[in-house]
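Worksheet: one structure, shown below.
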Amino acid sequence: MDQWAAFAVSLASNLAVALALVAPALALLVAGWAHTGQASTTAQLWRGVQGAIWAGLIASVGAAVSQAISPAQAAWGELLALTPLSATLALLVQGLAGVIASFSGRYLQGDVQGLAGQRRYASALAGVLASVQVLLLADHWLLLIAAWAAVGACLQRLLCFYADRPFALLAAHKKRLADRLADTLLLGAAALAWQEAGSGSLSQLAQHVAQQTSQGTVTLGLQTSAVLLVLAVVLRTALLPVHGWIIQVMEAPTPVSALLHAGVVNLGGWVLIRQSSLIEASPLARWLLVGMGVITALLAGMVMMTRISIKVRLAWSTVAQMGFMVMECGLGLYTLAALHLLGHSLYKAHAFLSSSSAVQQTRLQQLRGQTIPATWSLLMAPALTLAVVVSIQALFALMSLHSWPWWWTVVLALAWAPLLWAPAHAQAGRSVAMVLGAGTALVAGLAVLATLAHTLPLGLNEAPHHAAGWVVALAMGLMYAALVVLQRWPQTLSAWRRWSYAGFYVDEVYTRLTLSLWPARWTPRKADQKDEWAPSSSLMAAQD
């Protein structure tokens, strides 16, 4: 019986990896099919794309089921590996890709670029999908680097889909420079780790790092590799100061924005989780993640509160959420980071694909009137939220389930405190008691869901960084204080609002640096020019 059980587990593991490979293979086939112009109509083109994606979704479901039967890591040589988390993400990617492809077919109906433009769009979309799926399966440095580079190359064609929009071209150029720097850093990290572990396998690297950590002899080469990996993720994940391209790329079609914000930009978080053992070996790498994450989250969150355009607000929100995600990895809360990744992907896909309803929602809000929170609720909300979260944690502690570190309980209480803000003046049908009751129930539900989600068998190990955790809690306290002042005394922060609206001028510095290091032509050509693009003018002239 033991032999049959071992055979069944081995069969399930191999089947899981084989099925997981079906999705990128189908995406590559449809990319070639769309690029060579086999479809004679746009309807036929999008039927083929959607059919391949939904077939890949079915294969991903099979891979996830096989992985559930055999929850240990399923490997195929030293190149590919399927873990519980990667199987879940593969399923998520295929599902979101199906929705985005369906939306794209309707969004591009009647587009001026016609069938030829939609062929280019569909092939690039399929290329991004295939590259993301390979990245999720990669268990070797070279495959990981190649897949991530392919994601960026295919995404460039989508970002520049409308070639007459200069700021879209500028954003794509800035992203190209960040990607090339990230590739260089990743190659350096891979070379150092390969030399130390004697293999390019990520699984073998994790075992080697665990052995050195247990002996307390982590080498300088491994620590340097971790720092280079962190810097590469910062460049690829649109953290400050290289965040500007993800704001300006709003010039691209809306489904491209959904694909970028719901999937591509989250890959940095996945790479950090996949390389968690290497990150844990370097205190400097962890502090870099915490520092860069906190600064990005704070500044991007402040900028977001001053913006009006719905897509721009969503873009700044993504920058802030990426800051929180890498901060969570730096704090050693990898399960929380994985759950954050899943939730952010679903939320941003829905937010961008439904952004056209923002005008209707704004008008409805204007009809209801502006609600100003009462001063007492701004001050009491953190204490009430903290009491609810602590009570939920105490209840689950009695059941021997997951419990948060105290400093993270404070962070969650501050993050959820706005849910308990009560209006200064009661509205029709909405009393203060109703608002507080609904907010308390929502906070309790979030705490229960977050705790139960940590019991999922994702195969991740927690390693809380307590010293950095209290620094993060203090930073969240300062952010909440600034939010309170902004809500009640907005006129006292007029100078701050001007700086915040301008993004603190961080992107202007990076843009000038980009164009000086790698001059580009990004303004549309004139009718009498033979060149495809005219030389770019100075950034200040463009901003004016």
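One table, with the values for the structure above:
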item	result
Long-range neighbours under 7 Å by Cβ, at least six apart or interchain, first residue in a strand (DSSP E or B) and polar (S, T, N, Q) within the range 499-527, second surrounded by 16 or more Cβ atoms within 10 Å (Cβ to Cβ) and modelled with pLDDT of 80 or more	Thr523/Pro166
Filter pass, Ala300 being touching a Phe, Trp or Tyr at 6+ places or on another chain (Cβ under 9 Å), small (Gly, Ala, Ser), part of a helix (DSSP H, G or I) and not assigned by TED's automatic domain parsing to the domain that holds Val93	yes
Residue among Leu170, Leu136 that is over 28 Å from Gln50 (Cβ atoms) and in a helix (DSSP H, G or I)	Leu170
From Ala422, Ala381, Ala463, Ala415, residue being surrounded by 15 or more Cβ atoms within 10 Å (Cβ to Cβ), under 27 Å from Leu298 (Cβ atoms) and modelled with pLDDT under 85	Ala422
Asp111, sole failed condition from (1) outside any helix (DSSP H, G or I); (2) touching a residue at least 24 places away in the same chain (Cβ under 8 Å)	(2)
Any pair with Cβ under 9 angstrom, 6 or more apart, that starts in the range 287-308 at a residue that is in contact (Cβ under 8 Å) with a residue 24 or more places away in the chain and ends at one that is of a type in the set (Asp, Glu)	Leu289/Glu328; Gly293/Glu328
Yes/no for Arg180 being in a helix (DSSP H, G or I) and at pLDDT below 90	no
Unmet criterion (only one of (1) modelled with pLDDT under 90; (2) in a helix (DSSP H, G or I)) for Leu289	(1)
Scan of the range 207-230 for residues that are of a type in the set (A, V, I, L, M) and surrounded by 18 or more Cβ atoms within 10 Å (Cβ to Cβ), ordered by number	Val209, Val218, Leu222, Ala226, Val227, Leu228, Leu229, Val230
Matching residues in the range 397-408 - criterion: being surrounded by 19 or more Cβ atoms within 10 Å (Cβ to Cβ) and in a helix (DSSP H, G or I)	Trp407, Trp408
Among (1) farther than 17 Å from Leu135 by Cβ; (2) assigned to a strand (DSSP E or B) - the single one Phe103 does not satisfy	(2)
Verdict on Ala473 being over 28 Å from the mean Cα position of the chain (by Cα) and either in contact (Cβ under 8 Å) with a residue 12 or more places away in the chain or assigned to a helix (DSSP H, G or I) (or both)	no
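Table: residues versus (1) closer than 26 Å to Trp141 by Cβ; (2) surrounded by fewer than 24 Cβ atoms within 10 Å (Cβ to Cβ); (3) without any contact (Cβ under 8 Å) to a residue 60 or more places away in the chain; (4) in contact with a Pro (Cβ under 9 Å, 6 or more places away or on another chain).
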position	(1), (2), (3), (4)
Ala238	yes, no, no, no
Gly269	yes, no, no, no
Glu280	yes, yes, no, no
Leu339	no, yes, no, no
Leu346	no, yes, no, no
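The values are calculated or read from the model by the stated rules, or taken from the named source; none is laboratory data. As the structure is a prediction and not an experimental result, all values here were calculated from the model. Please note: Cβ atoms are built from the backbone with ideal geometry, for glycine as well, and neighbour counts cover all protein chains shown.
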